[in-house]
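Take a look at the structure set out below.
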Amino acid sequence: MSLLEDYAALTEACGLPRYDCQIVPYHPALLQMMDLREPDRVFFDHIPQFEQVIAAYDKMGPAYVGCHRGKPIIIVGCIKLWPGVCELWMLTDTALTSVVRPFWTATTRLMDILMDELSIVRVQCTVSTRNEPAIRFIKALGFVEEGLLKCYGPDETDYFMFARLHDRVIQQTTSATATTGT
């Protein structure tokens, strides 16, 4: 069984048990239990039936829920765009700020596991330019800003495009650059 399908082992691998946290598979009822942060509510406010969009995301790739003491705190999903490339999506609860450290560590480890087990070389995501906590969080996960997407959001706000490459790709690129001197 893949680590991505064994939620108890995945919870352990992500270092969550000592914080009374766990990883469970996404289920729409868990989304309903969340008090979404304002930057995440914008999608529900501007896109009719956005819950159905999230349900479609869940069918397009793996989606996980990080819970603290049984309450869903963060939903992380990965939509495969084509072989080796996926789009990360995330929804967060207002309570994330009280347990941000364990979930940052868990999300970092989850990204490593996803990239290894699904043979992903690039993960990309968009983050609102107004969402400073999410920008700090995504950068802490090892993502690099690639550009500005003007009027990209559902409320016509600007977003940054971020990407994270698999360590193997970075090493190959660094190695090739050192060899060619460019």
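In a simple Cβ point-charge model (Lys, Arg +1; Asp, Glu -1; nothing else charged), the chain has a dipole of about 320 debye relative to its Cα centre. Among C86, C125, the order by Cβ neighbours within 10 angstrom, fewest to most, reads C125, C86.
Within the range 1-38, which residues have the backbone N less than 18 Å from the label spot 7 Å out from A140 along Cα→beta-carbon, could you tell me? Flagged as within label range: 14-22, 37-38. For I73, the residues whose amide H sits under 5 Å from its own are G66, C67, H68, ignoring neighbours fewer than 5 places away on the same chain, with H placed 1.01 Å from N. Report summary: the helix-based calculation at 222 nm, which adds -39500 (n - 2.57) for every DSSP H run with n ≥ 4 and divides by the residues of the chain, gives -12000 deg cm²/dmol. Our coupling estimate for the range 13-24, obtained by passing each phi through the Karplus curve with A = 6.51, B = -1.76, C = 1.60 and θ = phi - 60°, is 4, 8, x, 8, x, 5, 9, 6, 10, 8, 10, 10 Hz, Gly and Pro reported as x.
Taken as entire DSSP H runs, the helices of the chain never both span 30 Å or more between Cα atoms along their own long axis and average 1.0 or more on the Kyte-Doolittle scale. Normalising the average separation of contacting C-alpha pairs (under 8 angstrom, six or more residues apart) by the number of residues puts the relative contact order of the range 3-180 at 18 percent. If R0 is taken as 30 Å, the Cβ-Cβ distance between D45 and Y19 corresponds to a FRET efficiency of 0.45. Computed FRET efficiency, Cβ-Cβ of L149 and H27, R0 25 Å: what is it to the nearest 0.05? E between L149 and H27, to the nearest 0.05, is 0.25. On full extension, the segment bounded by V53 and D167 gains 37.9 nm, given 0.36 nm per residue less the C-alpha separation.
Read-outs: derived from the displayed coordinates by stated rules, not from any lab. The model shown is predicted, which means the values in this text are computed figures rather than measured ones. All Cβ positions, glycine included, derive from the backbone under ideal geometry; neighbour counts span all protein chains shown.
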